[in-house]
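Accompanying notes for the structure given below.
The values are calculated or read from the model by the stated rules, or taken from the named source; none is laboratory data. Keep in mind it's a predicted model, so treat the numbers as computed, not measured. Glycine gets a Cβ as well: all are built from the backbone with ideal geometry, and neighbour counts include every protein chain shown.
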Amino acid sequence: MEFMLSVMFILLVFILSLALFESRITLNNSQFVLWEAKLVAQKAASNINNVYLMDDNSSFTDYLVWSGVGKSVSLGEKTIMVESDKGFVNYPILAEVDFLLNDFNGTVIFEKTGGKVIVRSG
């Protein structure tokens, strides 16, 4: 009888720890996706702002990856928004932007022409 109670107690502790571990992994995954979104938004906004402060006919090339199911990058009024199924992050931009991309997946060219920043794939 004592053996059965000991085994049941050990199994109970094991099952509870698995449930706690699973919830922490889910939380860490969500936080990691939002952190990644923040990095992409910050990098894209920084590139747009830097090119905007350069002379006309200037360009900058960078490698950005943010594509997949539930992931998108869009422009708002003076902001760039990076979205995922876990949430969204937005960063301010200075320039008027022409966005000629469907997704950020690979080489992205930021160029200033006529006072506008054009964002296109490379």
One residue from T61, T113 being in contact with a Gly (Cβ under 7 Å, 6 or more places away or on another chain) and at pLDDT 90 or above: T61
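Which residues, counting only those in region 19-44, are over 30 Å from I109 (Cβ atoms) and of a type in the set (G, A, S)?
Taking region 19-44 and keeping what is over 30 Å from I109 (Cβ atoms), we get 19-31.
Correct list: A19, S23, S30.
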Qualifying residue in region 8-18 (condition: at pLDDT below 90 and among the hydroxyl-bearing types (S, T, Y)): yes
Lone qualifier among G106, G70 - being at positive phi and touching an Asp or Glu at 6+ places or on another chain (Cβ under 7 Å): G70
